[in-house]
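Novice: Here it is, the structure, as structure tokens.
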Amino acid sequence: MLKVRVIPTLLWKDFGLVKGAVFDSWRRVGSILPAIKVYNSRDVDELIVVDITASNERNQPDHESVADFSEECFVPLTVGGGITSLEDVLHLLHSGADKVSINTAAFADPGIIDSVASRFGAQCIVASIDVKYFDDSGYRCFSHSGSQDTGKDPVEWARELVSRGAGEILLTSINRDGTMQGYDLELTERVAKAVNVPVIASGGAGNYQHMIDVVLHAGASAVAAASIFHYTEQTPSGAKQAMKLAGIPIRQNFIGLVNK
Amino acid sequence: MKVAIINYGMGNLNSVRRSFEEIGADVVIANHPSCLYEVDRIILPGVGAFTEGMAHLNQGGWVTALNDVVNIQKKPLLGICLGMQMLASKGYEGAATEGLDFISGEVRRIDLIGCDERIPHMGWNEVRYKSENVMFNSIPNLSDFYFVHSYAFVPTNSSNLIATVDYGCELTAIVSNNHVFGCQFHPEKSSKAGRQMLKNFMSYSVC
């Protein structure tokens, strides 16, 4: 049986590690590389690194930095931000990314998911969906780091991305991002029920119970989080122990390796 | 003790190289089959399809060199993922293709051997030991390793099957035949447990 994963998300802007709230007011909270080293020494399940400025500033993904990141990453590494072509994906995979996360580019040309899937396989595509909730009109998908309303319904969009070959969905609630108020359970449940690939819940984790809730009550296969690990004493391994006590199958951290 | 990672044009070798560096091994990337004569241990990595992988190995002259150093000189070999699958006699990804035949068996799509779960099998999953093996030193049974694959190794002799993984059915996780080893999962992406297994491979001594 596959294990439910706990995935720290690292947002990267102008070489710095940043943390936002509601997809705005990004605060610089350090450098990426030391964070990757720390998470690896703590034996995390997986890491997601996203360049949040690439799409907005029309930058290409920074392959050289990704190569540096992957040198220090001994768990699966997902890289996102600014991917617009098959070539971008090829470069990132060659630089050591195990998977790529595609968001904005799929709205402009959904065919990019088909081409990446047929060339490199569904296992390396994480389709990322950023969702905002409106009291009067419900959920809608946003592109360009949450700055452009695409008008798309997240459930329909998730179905389309999966039918085109996405291997996983990274589902982020913009409203909950950085608030530490808990994941959007309703949004996660709707999308998880609509697709047969793993859904990674993102946006809003403030404590371990939030992670347990989104797995047990909304069907998430993995939980992504940033603020909880940057700003509180809570850790990925603490999260996994709490999830284990709640009966969720998690990967046991390996104890006993002396590094050299 | 020097280990070479075979560079036959299938995928990024840096994570494998970095994992060996982390455990303090003397590691080189082998860009030519002649390198295999100058090392003590060999890694056959790989991501991709069986047919394409074997074509690259044949075209690069690796098959002849591998037969020499592994079968005759008895240098320990570890195949990873596609590299493990190519240790088999035959593969069925793409066209039916002859493998290296270091461990008798076939490589088949996991749904054709009884797995009804989603393909590919991707993620952390528990590896169950079938017998004692040097590869398991200091690693508890049922530790998690990272898998990404759609095809699996079906060994002819159950004595070569030393660990399995459950994914709707029992799939081969590790095979071994004397000094030849293969793991379906990626030790280089399996964090500390993966590095311990690479250490175990490095400290294995040929009887």
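Novice: List pairs: first in the range B:158-181 and closer than 16 Å to B:Glu106 by Cβ, second at pLDDT below 95, Cβ under 6 Å, 6+ apart or cross-chain?
Specialist: Note: pairs meeting the criteria are B:Cys169/B:Gly114; B:Cys169/B:Cys115.
Novice: So A:Gly203 fits all but one of (1) in contact with a Lys or Arg (Cβ under 6 Å, 6 or more places away or on another chain); (2) surrounded by fewer than 18 Cβ atoms within 10 Å (Cβ to Cβ); what number is the exception?
Specialist: Tallying (1) in contact with a Lys or Arg (Cβ under 6 Å, 6 or more places away or on another chain); (2) surrounded by fewer than 18 Cβ atoms within 10 Å (Cβ to Cβ), A:Gly203 fails exactly one: (2).
Novice: Now a separate question. Answer yes or no: is there a residue in the range B:139-156 that is more than 9 Å from every other protein chain (Cβ to nearest Cβ), in contact with a Pro (Cβ under 7 Å, 6 or more places away or on another chain) and of a type in the set (Ser, Thr, Tyr).
Specialist: no
Novice: Could you tell me which of the residues B:Ser19, B:Ser15 is among the polar types (S, T, N, Q), at pLDDT 95 or above, crowded, with 20+ Cβ neighbours inside 10 Å and under 30 Å from A:Asp43 (Cβ atoms)?
Specialist: Working: B:Ser15 fails: at pLDDT 95 or above.
Going through B:Ser19, B:Ser15 in turn, the sole match is B:Ser19.
Novice: Got a number for residues in the range B:103-133 being surrounded by 14 or more Cβ atoms within 10 Å (Cβ to Cβ) and away from chain A (no Cβ under 14 Å)?
Specialist: 11
Novice: Go through (1) closer than 21 Å to B:Phe147 by Cβ; (2) surrounded by 23 or more Cβ atoms within 10 Å (Cβ to Cβ) and name the single condition B:Leu100 misses.
Specialist: Status for B:Leu100: all satisfied but (1).
Novice: If you scan the range B:145-199, which residues turn out to be over 14 Å from B:Val127 (Cβ atoms) and polar (S, T, N, Q)?
Specialist: B:Ser150, B:Thr156, B:Asn157, B:Ser158, B:Ser159, B:Asn160, B:Asn177, B:Asn178
Novice: Select from the range A:114-130 the residues that are touching a Leu at 6+ places or on another chain (Cβ under 6 Å) and more than 14 Å from chain B (Cβ to nearest Cβ) and list them in ascending order.
Specialist: Within the range A:114-130, A:Ser115, A:Ala127, A:Ser128, A:Ile129 meet the criteria.
Novice: Still on this structure, I have one more. If a residue counts only when it is within 14 Å of chain A (Cβ to nearest Cβ), which helices (runs of 4 or more DSSP H) contained entirely in the range B:11-74 have at least 3 such residues?
Specialist: Working: elements: B:14-22, B:50-59, B:62-66.
Qualifying helices (runs of 4 or more DSSP H): B:14-22.
Novice: Tally the residues that are part of a helix (DSSP H, G or I), among the small types (Gly, Ala, Ser) and away from chain B (no Cβ under 11 Å), restricting the search to the range A:61-106. Quick ask: steps written out before the conclusion?
Specialist: Filtering the range A:61-106 for residues part of a helix (DSSP H, G or I) gives A:63-71, A:86-94, A:104-106.
Filter once more, so that each one left must be among the small types (Gly, Ala, Ser): A:65, A:67, A:70, A:105-106.
The next check asks that each one be away from chain B (no Cβ under 11 Å); those that pass are A:65, A:105-106.
The number of residues fulfilling the criteria is 3.
Novice: Please enumerate the residues belonging to the range B:182-195 that are touching a residue at least 60 places away in the same chain (Cβ under 8 Å) and either closer than 16 Å to B:Gly105 by Cβ or not small (Gly, Ala, Ser) (or both).
Specialist: Within the range B:182-195, B:Gly182, B:Cys183, B:Gln184, B:Phe185, B:His186, B:Pro187, B:Glu188, B:Lys189, B:Arg195 meet the criteria.
Novice: Quick one: which of B:Ser176, B:Ser205 is among the hydroxyl-bearing types (Ser, Thr, Tyr), surrounded by fewer than 21 Cβ atoms within 10 Å (Cβ to Cβ) and not in a helix (DSSP H, G or I)? Show your work before the answer.
Specialist: Numbers: B:Ser176 fails: surrounded by fewer than 21 Cβ atoms within 10 Å (Cβ to Cβ).
Selected residue: B:Ser205, the only one of B:Ser176, B:Ser205 that is among the hydroxyl-bearing types (Ser, Thr, Tyr), surrounded by fewer than 21 Cβ atoms within 10 Å (Cβ to Cβ) and not in a helix (DSSP H, G or I).
Novice: Assess whether B:Gly182 counts as being part of a strand (DSSP E or B) and either surrounded by fewer than 24 Cβ atoms within 10 Å (Cβ to Cβ) or touching a Ser or Thr at 6+ places or on another chain (Cβ under 8 Å) (or both). Outline the logic, then answer.
Specialist: Values: part of a strand (DSSP E or B): yes; either surrounded by fewer than 24 Cβ atoms within 10 Å (Cβ to Cβ) or touching a Ser or Thr at 6+ places or on another chain (Cβ under 8 Å) (or both): yes.
Answer is yes for this residue.
Novice: With under 18 Å from the mean Cα position of the chain (by Cα) and either of a type in the set (Asp, Glu) or within 30 Å of A:Ser118 (Cβ to Cβ) (or both) as the only criterion, which of A:Val215, A:Val197 stands out? Even if it seems obvious, please write down each step before you answer.
Specialist: On the way: A:Val215 fails: either of a type in the set (Asp, Glu) or within 30 Å of A:Ser118 (Cβ to Cβ) (or both).
Every option except A:Val197 fails the conditions.
Novice: A follow-up question, please. Tally up the residues in the range A:174-220 that are in contact with a strand residue (DSSP E or B) (Cβ under 6 Å, 6 or more places away or on another chain) and polar (S, T, N, Q), please.
Specialist: Result for the range A:174-220: 3.
The values are calculated or read from the model by the stated rules, or taken from the named source; none is laboratory data. These numbers come from a predicted model, not from an experiment. Ideal geometry is used to build each Cβ from the backbone, glycine not excepted, and the neighbour counts take in all protein chains shown.
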